[in-house]
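Worksheet: one structure, shown below.
Readers should treat all values here as calculations from the given coordinates under stated rules, not as data from a laboratory. For clarity, every value in this text was computed on a predicted model and none was experimentally measured. Using ideal geometry, Cβ is built from the backbone for each residue, glycine included, and neighbour counts are taken over all protein chains shown.
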Amino acid sequence: MAVVQDVHGHHDHHPSGIMRWVTTTNHKDIGTMYLWFSFAMFLTGGFLAMGIRAELFMPGIQILEPELFNSFTTLHGLIMVFGAIMPAFVGLANWQVPMMIGAPDMAFARMNNWSFWLLPVAGSLLISSFFVPGGAAAGGWTFYPPLSAQGGLGVDMMIFAIHILGASSIMGAINIITTILNMRAPGMTLMKMPMFVWTWLITAYLLVLVMPVLAGTVTMLLTDRHFGTSFFNAAGGGDPVLFQHVFWFFGHPEVYIMILPAFGIVSEIIPTFSRKPLFGYSSMVYATASIAILSCVVWAHHMFTVGMPAVGQLFFMYATMLIAVPTGVKVFNWTATMWRGSMTFETPMLFSIGFIFLFVIGGFSGVVCAIVPIDIQVQDTYYVIAHFHYVLVSGALFAIFAGVYYWLPKWCGRMYDEKLAKMHFWLSMIFFNVAFFVQHFLGLAGMPRRIPDYSLQFADFNMISSIGAFGFGLSQLLFLYIVIKCIRGGEKAADKPWDGGTTLEWTLPSPAPYHSFETPPVIK
Amino acid sequence: MTQSVTKTNTNVAMLKKLLVFTVVMFGFGYALVPMYERFCEVTGINNLLQPDVLDKNIKVDMTRMIAIELDANVRGMPWKFKPLQASVKIHPGESIEVMYEIRNDSDQEISGQAIPSYSPRLLEKYLKKFECFCFTKQVLKPGEVRQMPVKFVIDPQIPVDINTVTISYTFFALEPGM
Ligand code: HEM
Ligand SMILES: [Cu+2]
């Protein structure tokens, strides 16, 4: 008994009940809160997606008036990007980065608490904007003017929410950079860091690079709306195309902010379940860095149809295609890691392999979009929707699922139900493809995005897509059930439940003690 | 203990650097605005407010007629603004002058700037303006009325499927003293 208590003993004086969560500065508590918040937003955004797919189930307007439909697509995008995917990765970073580098906590524990608690404020602003006069923002998640210059109170609430979310991300990123650069255990050189830590370091730099630009963009929009400036207002000498440039200067790096940590997670899981070290570790690091750098010079591939000179189109086309090279290096390395490994297929591995397959499909459709003459055809069609759901849902989200299943035993000290989890994987995998694969065909046939009605020839594929989407949505409730079941009980997890795990968190007991690595481990 | 104090200090130093960087990037977002304008000016992508040079060898294409609809708007200022003719028809390559009229209905001197807008968008490439009231700001005394010409040619290279185009101007108020 005495031995067990020795682990925490002296510093378990944190407040209990709700105040524990409000005031906590513990990276594990905060990580948990990030993950639950992200899941709540995932369900909210998912509800909006179900609304969209229900409306698109059949041609004609059935359940959502066009204006409300537009608000649904807009808020679905904003909530999923800023409320679900990004906070989930920050949550994983909070839990894992200190444990993987042998640090006792994040560098700025108090700031960590603030950056989390900003999120529910922003989330409630976004959700409550549905109920103000004029309704929620309806100009798309990219909020291009002139639409976003015209909307009502809902748009102002969205702008304010984005300011808050931006501040939260920047604080989170600063925290992560400082933790990784200053608090590694003795002996852990940069090139010995786990890939998840590397990818987060680079992501955090991207965040401090482009989040302030987004903050500037929404500030300009706000002053255009209320304080008489004319940055984007053509009638006042401004230029709406300028908005697109400034927005995508943020926006494209942003999509890599949402995928680099996913690369990191997969790069941890594949070696573990292949029981081999990661193939080409240093090339992985360089590939990540070059993706991040390249991602800053490709933004105008979102704007091929605004009326750009041909030289501009060519530059952005080739620069975009160039990104496929380091991305290919990564896929090659993951495959080579599996090559002749003693592989087993537990759920984290299944999600990781699913990730590789489907992310590659998304990468290919991205390269197709990057070809200017093709993009002029498919811009603003369902083809683009298919592309970015392959990279974001079966990319970022699948990697998050993989990470959660991988580390859940460490967090809760119990194993999740492997059978149900595998079912979650297969249901997600099948329904995801049913929902989104057909959208490639819809897009190529010319179905525009963000329109609540469509002509009859699109009816069959839309019905298939809606059925897939409903199935995918329902399958995620199973995920909730599995996680709750794992927290409530289940087989006790070993300290190192995956025998191939090599990173530092597996040297800690399961569940990981409230305070870990107060004396740093020494890495040889 | 001393070790953790130095650690806190290096952390705080790092925090300061990153915060400064954040502020710089916020400023960079704003700096993109003039950079963008300069870029468009230098590359000539967006030179709607400068006169075009007229190609002397331009040939009039007598086989085609293009209808030009004229439109005028004011935004947030007490002026009346209208074209003196709603539309004109010309051959590509033929030069023409159209007249607009502005009237200041207020009891103050106001200066305004007109911004053109074309439909279809690619008209911009084929419309050669050598005189326009939009090249300078207009200052009107209380009650003053002014008639102003626009002189232009439409390049005969304009795609054959375009028979009707719209030229629109919007006046907006310049801040006093600008
Ligand atoms: C090989 C890598 C990739 C290439 C070549 C690529 C290329 C493109 C191109 C050209 C577009 C513009 C299509 C259009 O609007 O007509 C686009 C849109 C998009 N991409 Fe990618 N992409 C890649 C990877 C990714 C990744 C990894 C993500 C995110 C995780 C992503 C997220 C998006 C999103 C969200 C949009 C749509 C934005 C919108 O208009 O709402 N892409 N991509
Ligand atoms: Cu992009």
Setting aside same-chain residues fewer than 8 positions from B:Lys125, which aspartates and glutamates have a Cα under 20 Å from its Cα? A:Asp239, B:Glu37, B:Glu41, B:Asp52, B:Asp55, B:Asp61, B:Glu69, B:Asp71, B:Glu94, B:Glu97, B:Asp155, B:Asp161
Please average, across the residues of B:22-28, the number of beta carbons from any other chain that are within 10 Å of each residue's own beta carbon, and give a whole number. 6
About the Cα centre of the stretch A:259-507, how large is the charge dipole given +1 on each Lys and Arg Cβ and -1 on each Asp and Glu Cβ? Please answer in debye to the nearest 20. 500
Let me understand the stretch A:299-358 better: what is its radius of gyration from the alpha carbons, and its Dmax, in angstrom? 17.8, 53
Quick one: putting +1 on the C-beta of Lys and Arg, -1 on the C-beta of Asp and Glu, what dipole do you get for chain B around its Cα centre, in Debye to the nearest 20? 660
Can you compute the FRET efficiency between B:Thr6 and A:Trp117 using 1/(1 + (r/R0)^6), with r the Cβ-Cβ distance and R0 = 25 Å? Round to the nearest 0.05. 0.25
Go through A:Lys276/A:Lys410; A:Lys422/A:Lys524; B:Lys89/B:Lys141; A:Lys276/A:Lys492 and tell me which ones have a Cα-Cα distance over 28 Å in this structure. A:Lys422/A:Lys524; B:Lys89/B:Lys141
Between A:Lys192 and B:Tyr118, what FRET efficiency follows from the Cβ-Cβ distance if R0 is 51 Å, with the result rounded to 0.05? 0.25
Please compute the modelled spin-label separation between A:Ser16 and A:Tyr481, points set 7 Å along Cα→Cβ, answer in nm with one decimal. 3.2
Which whole-angstrom value gives the distance between the alpha carbon centres of the stretch B:52-109 and the stretch A:55-84? 43
Taking only the Cα positions of the stretch A:29-250, the convex hull volume per residue in Å³ is 132
Just going by the charge dipole of the protein assembly as shown, with Lys and Arg at +1 and Asp and Glu at -1 on Cβ, which of B:Val74, A:Gln150, A:Leu206 is farthest out on the positive end? A:Leu206
Compute the Kirkwood hydrodynamic radius of the stretch B:66-173, taking the inverse of the mean of 1/r over all pairs of distinct Cα atoms, and give it in Å to one decimal. 14.4
Net charge near A:Asn333: determine it from the other residues with C-beta under 15 Å of the C-beta of A:Asn333, scoring Lys and Arg +1 and Asp and Glu -1. +2
Expressed as a fraction of 2.2 N^0.38 Å, the rule-of-thumb size for a compact globular protein of N residues, what is the C-alpha radius of gyration of the stretch A:168-297? 1.35
Given an 8 Å cut-off on Cα distances and at least 6 residues of separation, report the relative contact order of the stretch A:259-507 as a percent. 24
Rounded Å value of the spacing that divides the Cα centres of the stretch A:361-437 and the stretch B:113-143: 50
Listed by chain and number, the aspartates and glutamates with an alpha carbon less than 20 angstrom from that of A:Lys28, same-chain partners under 8 positions apart left out, are A:Asp6, A:Asp12, A:Asp105, A:Glu268, A:Asp495, A:Glu505, A:Glu518
Could you work out the equivalent-ellipsoid semi-axes for the stretch A:447-501, taking the square root of 5 times each eigenvalue of the Cα gyration tensor, largest first, in whole Å? 42, 13, 9
Once B:Ser111 and B:Lys137 are pulled to full extension, the length gained, defined as 0.36 nm per residue separation minus their Cα-Cα distance, is 8.7 nm
Computed D for the stretch A:21-90, Stokes-Einstein, Kirkwood radius over alpha-carbon pairs, 4 °C, 1.567 mPa s, to the nearest µm² per second, is 97
Can you tell me the dipole magnitude for the protein assembly as shown around its Cα centre, using point charges on the Cβ only (Lys, Arg +1; Asp, Glu -1), in Debye to the nearest 20? 1480
Distance histogram in 5 Å bins (all Cα pairs of the stretch A:38-132, percent per bin): 3, 12, 19, 18, 14, 11, 8, 6, 4, 3, 1, 0
Quick one: plug the Kirkwood hydrodynamic radius of the stretch A:259-507 (C-alpha pairs) into Stokes-Einstein at 10 °C, 1.306 mPa s, and report D in µm²/s. 81
Alpha-carbon gyration tensor eigenvalues x 5, square-rooted, for chain A, Å: 37, 26, 24
Net charge of neighbours whose Cβ lies under 15 Å from the Cβ of B:Ile90, counting Lys and Arg as +1 and Asp and Glu as -1: +1
Whole-Å distance, taken between Cα centres, linking the stretch A:279-328 and the stretch A:210-248: 25
Choose one of A:Leu477, A:Met50, B:Ile167: the residue whose Cα lies farthest towards the positive end of the charge dipole of the protein assembly as shown (beta-carbon charges +1 Lys, Arg; -1 Asp, Glu; about the Cα centre). A:Leu477
Any chance you could give the angle, 0 to 90 degrees and rounded to 10, that helix A:398-412 forms with the longest Cα principal axis of chain A? 30
For the stretch B:1-42, take the convex hull of the Cα atoms, compute a quarter of its surface area, and give me that in nm², please. 3.0
If you take the beta carbon distance between B:Glu101 and A:Thr305 as r and set R0 to 35 Å, what does 1/(1 + (r/R0)^6) give as a FRET efficiency, to the nearest 0.05? 0.45
Taking the Cα atoms only, what angle lies between the long axis of helix A:260-274 and the longest principal axis of chain A, rounded to 10 degrees? 40
